[in-house]
Structure formats: C-alpha cells, structure tokens
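Just so it is clear, none of the values below were taken in a lab; they were calculated from the coordinates. The model shown is predicted, which means the values in this text are computed figures rather than measured ones. Here the Cβ is made from the backbone with ideal geometry for all residues, glycine too, and neighbour counts use every protein chain on show.
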Amino acid sequence: MAKIDLKPLSLAELKSLQARVEKAIARHDKKQKTKALAVVKAKAKELGFSLDELTNAKAPAKAVSKKTSKVAYKHPDDPSKTWAGRGARPLWLKEALASGKSLDDFKV
C-alpha cells in the first residue's frame, strides 16, 4: 500500500478524506456481505433448503417499547387531548387549572 503524506492537508481536506474513506469502507462491507449472503443462499439451495428455513427466519417483528406511556389525564370534551403526567403540562390543562378546576377532575 502506498504511503500517503497527510501533513500538507488542511483540516477541511482531512475531514473530506475521512468522509470518503468511511463511505468506501461502508460500500466495501456491503459488497462483501452481499457476496457472502449469495454464497450461503446457494449452498442452502444446493442442500434443498431456503436460507429462511435454516435460520428459522421470520418477518421482522415490530419493536415494542418497554416503556409504555399510560394516559393519566384526559380532556373531558376532547379525548384526543391527553397527558401522561410527565413533562410540561399541556396548555389545555394549564388553562383549566387556572380557571379553578382540580387535577383530579381530569384523572383517568
């Protein structure tokens, strides 16, 4: 491999070179993975299987959030307006509280 003298390059040139190298690495990795997958699929087919059968692959499941947001407070007239009780209070709730209502009036 040829040695490249990086000393005369400016910071902008070095960052540009870095970005180009990262893209080249990503393209190379993708190409190698594609080739490897083709080889594995061909071998599986040669043996009478699909790759999915051998790996028990299923359709990717949707990610399920472990932290689910539960509605704790709801607007009495508009059910689409809710607040989980965390973070800043929504404007509709601030206005209702300022008019004399209590937080318990909106509890689900």
* Relative contact order (%) - the chain, alpha-carbon pairs under 8 angstrom, separation at least six -> 14
* Asked: In the neighborhood of Phe49, defined by Cβ-to-Cβ distances under 15 Å, what is the net charge if each Lys or Arg adds +1 and each Asp or Glu adds -1?
  -> 0
* Computed [θ] at 222 nm, helices only, for the chain once each DSSP H run of length n ≥ 4 contributes -39500 (n - 2.57) -> -15000 deg cm²/dmol
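Taking neighbour Cβ counts within 10 Å as the exposure measure, how do Trp83, Trp92 sort from fewest upward? Walk me through the numbers before you get to the answer.
Working: Trp83 19, Trp92 16.
Lowest count first: Trp92, Trp83.
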* Structure fact -> In degrees, nearest 10, the alpha-carbon axis of helix 11-46 is tilted away from the dominant principal axis of the alpha carbons of the chain by 80
* Per-selection metrics, the chain (Cα): Rg and Dmax in Å -> 28.8, 77
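Could you give the longest part of the chain that holds none of the trypsin sites (Lys or Arg not before Pro) found in DSSP loops with at most 14 neighbouring Cβ atoms within 10 Å?
No qualifying site falls inside 4-57, the longest such stretch.
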